[in-house]
Ligand code: ARG
Ligand code: GLU
């Protein structure tokens with residue numbers, strides 16, 4: 001994206017500073033290193049990533065595949081977000097001992113709580129394997145053959161590249177299939193919960209404040225990695241010992257000020273920064289509004305029940321948060337894409353690229369790309385929208401529909417692979433149903449079902465609908481399903497699925513809940529998916545060519561960064577406020593005073609624990625204050641982050657931990673498609689707030705003793721004073 005901007009800007013002869021990007025840590029030397037040092041970094045690229053010596057990257061840990069975490073002691077202490085450890089914290093909670101509500105603090109290693117199934121992955125080494133993966137591929141290899149060949153090449157690279165027995169090789173693509181990198185990783189499996197603040201700190205502000213600045217959330221939790229006696233990954237065992245990392249992050253007590261350099265190191269999930277204007281236009285005018293419509297309906301219904309019934313509130317809190325999280329993000333994204341003029345700017349950039357293609361005589365190779373983008377995106381639009389409706393209705397918001405869809409897949413495996421496969425999979429599915437049904441309320445779901453199907457029939461073009469929904473009486477259908485389907489109750493469903501495969505499948509097909517889900521799924525797989533997939537494959541090939549054109553035709557100083565793909569990345573920037581609207585300016589740092597300003601006694605989002613109020617009143621802050629004697633809580637910066645960056649360390653100019661990334665600001669969430677340095681900001685917890693809570697609020701100073709606290713700014717000031725004196 002930045003690159004495109006630059007291209008455009010070059011043609012319009014006015015240069016401005018470029019920012020943003022999520023960069024591959026093994027390739028920082030040169031341009032990125034210069035840029036970072038110009039922004040104030042005092043380290044070298046090798047301090048961040050080095051194969052032969054310990055470096056920052058050895059402290060960065062992929063947390064359970066979805067979030068990021070960082071090592072902060074030589075005993076494997078791991079810091080991440082409260083919302084990343086949420087389900088682990090919940091899994092250890094009971095009504096009597098509710099760690100979500102009250103927090104949890106292990107007093108010693110023995111009290112730390114194991115989490116079966118959890119993983120923590122460390123990157124050992126990154127290597128460019130593009131040549132090996134591209135072996136045998138030419139410009140003219142057809143797209144589907146190409147994919148097969150590449151998969152075969154990747155398998156070979158994975159199985160033949162050197163690694164230790166306890167390590168794993170993974171290959172991922174970058175720049176839309178133009179580059180391939182090998183990752184040698186170690187995955188730890190004994191990860192224990194060490195500490196978590198109460199939700200009134202860790203989730204303070206909840207959904208109201210989610211994606212919002214100014215923010216006051218203590219979104220952190222502590223875990224510990226355990227290893228075997230050789231310091232290697234191992235399944236949980238009482239005999240395991242705390243992992244001794246190659247590197248852990250020292251923690252700065254000096255904090256940050258506006259314009260300070262920061263680096264965020266983590267595992268961003270997915271971005272799409274090089275979409276053509278037409279794709280962005282479709283997101284703004286069609287896809288996001290559809291998602292919004294669907295989720296608004298579902299959330300309104302769930303919210304109504306949650307407010308009236310404490311039992312339902314407990315059951316649906318986490319599901320509601322998950323649905324609401326993206327609902328809100330997409331709203332901000334749409335608004336940001338409009339406000340930043342993304343479509344218009346992309347169009348201008350495409351014009352500039354077109355001219356450049358002509359100028360360099362590259363029409364043969366690249367001349368078709370922009371035209372075909374127009375054509376394919378126009379063709380895919382109705383399928384894309386119908387697909388989104390299907391996903392949102394059947395898989396993401398409806399519950400009975402999702403359960404029934406899962407059994408539809410089970411039946412498919414029966415059809416394809418026979419009875420044995422059915423019985424094998426049934427076991428797993430029933431296990432997952434015990435969990436899913438624990439928090440299920442058929443009354444809530446029934447109302448969501450009726451509302452969403454009504455919308456489905458109204459909005460999805462008739463040619464994509466199953467016959468069962470054409471001219472259907474939705475209220476009547478809802479009534480029938482929720483009165484007669486076994487899917488409204490776990491025990492009934494278990495009964496229905498019991499016995500030999502043939503009978504179970506027979507019963508399944510007679511169930512009205514199953515019937516409607518299966519009809520919708522059949523219609524999806526027959527009328528929507530085939531064309532969608534075919535066009536999507538073409539677009540994938542086109543994106544690769546587009547990317548190649550951009551990389552080849554852009555001026556050498558252009559910044560082109562690969563889209564996020566859940567691999568380890570470095571993003572950097574500065575602590576900075578922003579102006580979200582005319583005459584409004586947001587400062588970059590919040591304080592404990594702001595927590596007290598937002599405090600609403602007894603409110604489920606804005607209550608504050610009494611002990612924190614007491615500490616605030618007595619100003620018992622310890623060494624964790626800023627120069628003005630206040631406790632900083634959150635801060636924002638220009639680091640380009642996305643989902644998956646939650647829990648990532650914010651690192652200062654010297655390589656010390658100053659914060660934990662956990663969110664972005666509402667106005668800037670379009671940065672997944674279009675990073676705008678004026679309003680895109682990431683939100684971090686100030687590490688001093690974390691230390692203050694651990695030490696003063698939780699009385700867990702034994703954890704502080706494990707950490708390495710440093711004063712980089714004070715040390716530097718002293719050094720420069722000394723050298724000045726010498727010069728005199
Ligand atoms: N918006 C943050 C992240 O995407 C935090 C989400 C958790 N908090 C919440 N209130 N749902 O994904
Ligand atoms: N909360 C997000 C996460 O879980 C980070 C916010 C974002 O999307 O930037 O990764």
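Structure above, values below:
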read-out	value
Which numbered condition residue 606 misses (of (1) within 14 Å of ligand 1 (Cβ to nearest atom); (2) surrounded by 21 or more Cβ atoms within 10 Å (Cβ to Cβ))	(2)
Among (1) in contact with a helix residue (DSSP H, G or I) (Cβ under 8 Å, 6 or more places away or on another chain); (2) assigned to a loop (DSSP other than H, G, I, E, B); (3) buried (at least 23 other Cβ atoms within 10 Å of the Cβ) - the single one residue 622 does not satisfy	(3)
Some residue of region 699-719 being away from ligand 2 (no atom under 16 Å from the Cβ), touching a residue at least 24 places away in the same chain (Cβ under 8 Å) and in contact with a helix residue (DSSP H, G or I) (Cβ under 6 Å, 6 or more places away or on another chain)	yes
Close pairs from region 429-442: first part of a loop (DSSP other than H, G, I, E, B), partner at pLDDT 95 or above and surrounded by 15 or more Cβ atoms within 10 Å (Cβ to Cβ), Cβ under 8 Å, at least 6 apart	440/399; 440/490; 441/305
Meets criteria (more than 24 Å from the chain's Cα centre (by Cα), surrounded by fewer than 21 Cβ atoms within 10 Å (Cβ to Cβ) and within 21 Å of residue 22 (Cα to Cα)) for residue 526	no
Residue in region 119-128 that is closer than 30 Å to residue 101 by Cβ and in a strand (DSSP E or B) present	yes
Residue list for region 655-688, restricted to those being away from ligand 2 (no atom under 13 Å from the Cβ) and out of contact with any helix residue (DSSP H, G or I) (no Cβ under 8 Å at 6 or more places or on another chain)	677, 678, 686, 687, 688
Pairs where the first residue, in region 65-89, is closer than 17 Å to residue 662 by Cα and outside any loop (DSSP other than H, G, I, E, B) and the second is within 15 Å of ligand 2 (Cβ to nearest atom) and at pLDDT below 95, C-beta under 8 Å, 6+ apart	86/318; 87/318
Test result for residue 178, surrounded by fewer than 24 Cβ atoms within 10 Å (Cβ to Cβ), touching a residue at least 40 places away in the same chain (Cβ under 8 Å) and within 16 Å of ligand 2 (Cβ to nearest atom)	no
Some residue of region 326-346 being within 16 Å of ligand 1 (Cβ to nearest atom), touching a residue at least 60 places away in the same chain (Cβ under 8 Å) and within 30 Å of residue 95 (Cβ to Cβ)	yes
Residue ranges of helices (runs of 4 or more DSSP H) in region 644-728 with at least 3 members within 31 Å of the chain's Cα centre (by Cα) and surrounded by 21 or more Cβ atoms within 10 Å (Cβ to Cβ)	687-692
Flag for residue 550 being crowded, with 21+ Cβ neighbours inside 10 Å and under 29 Å from residue 357 (Cα atoms)	yes
Residues located in region 90-108, provided they are more than 25 Å from the chain's Cα centre (by Cα), more than 12 Å from residue 221 (Cα to Cα) and not in a loop (DSSP other than H, G, I, E, B)	102
Filter pass, residue 299 being modelled with pLDDT of 95 or more, more than 22 Å from residue 391 (Cβ to Cβ) and away from ligand 2 (no atom under 16 Å from the Cβ)	no
Residue match in region 255-262 (condition: in contact (Cβ under 8 Å) with a residue 40 or more places away in the chain, within 16 Å of ligand 2 (Cβ to nearest atom) and buried (at least 24 other Cβ atoms within 10 Å of the Cβ))	yes
Candidate set: region 182-203, residues that are touching a helix residue (DSSP H, G or I) at 6+ places or on another chain (Cβ under 7 Å) and within 16 Å of ligand 1 (Cβ to nearest atom); chosen: the one farthest from residue 602 (Cα to Cα)	196
Conditions (1) out of contact with any helix residue (DSSP H, G or I) (no Cβ under 7 Å at 6 or more places or on another chain); (2) not in a helix (DSSP H, G or I); number of the one not met by residue 633	(1)
Test for residue 389: is it farther than 23 Å from residue 643 by Cα and assigned to a helix (DSSP H, G or I)	no
Positions within region 62-85 being in contact with a helix residue (DSSP H, G or I) (Cβ under 7 Å, 6 or more places away or on another chain) and within 12 Å of ligand 1 (Cβ to nearest atom), in sequence order	82
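This table checks each residue for (1) away from ligand 1 (no atom under 16 Å from the Cβ); (2) free of Cβ contacts under 8 Å to residues at least 12 places away in the same chain; (3) crowded, with 20+ Cβ neighbours inside 10 Å.
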| site | (1), (2), (3) |
| --- | --- |
| 239 | yes, yes, no |
| 243 | yes, no, yes |
| 251 | yes, no, yes |
| 272 | yes, no, no |
| 277 | yes, no, yes |
| 280 | yes, no, yes |
| 286 | yes, no, no |
| 293 | yes, no, no |
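The values are calculated or read from the model by the stated rules, or taken from the named source; none is laboratory data. The shown structure was predicted, so the numbers you read here are calculated from the model rather than taken from an experiment. Every residue, glycine among them, receives a Cβ derived from its backbone with ideal geometry; neighbour counts consider all protein chains shown.
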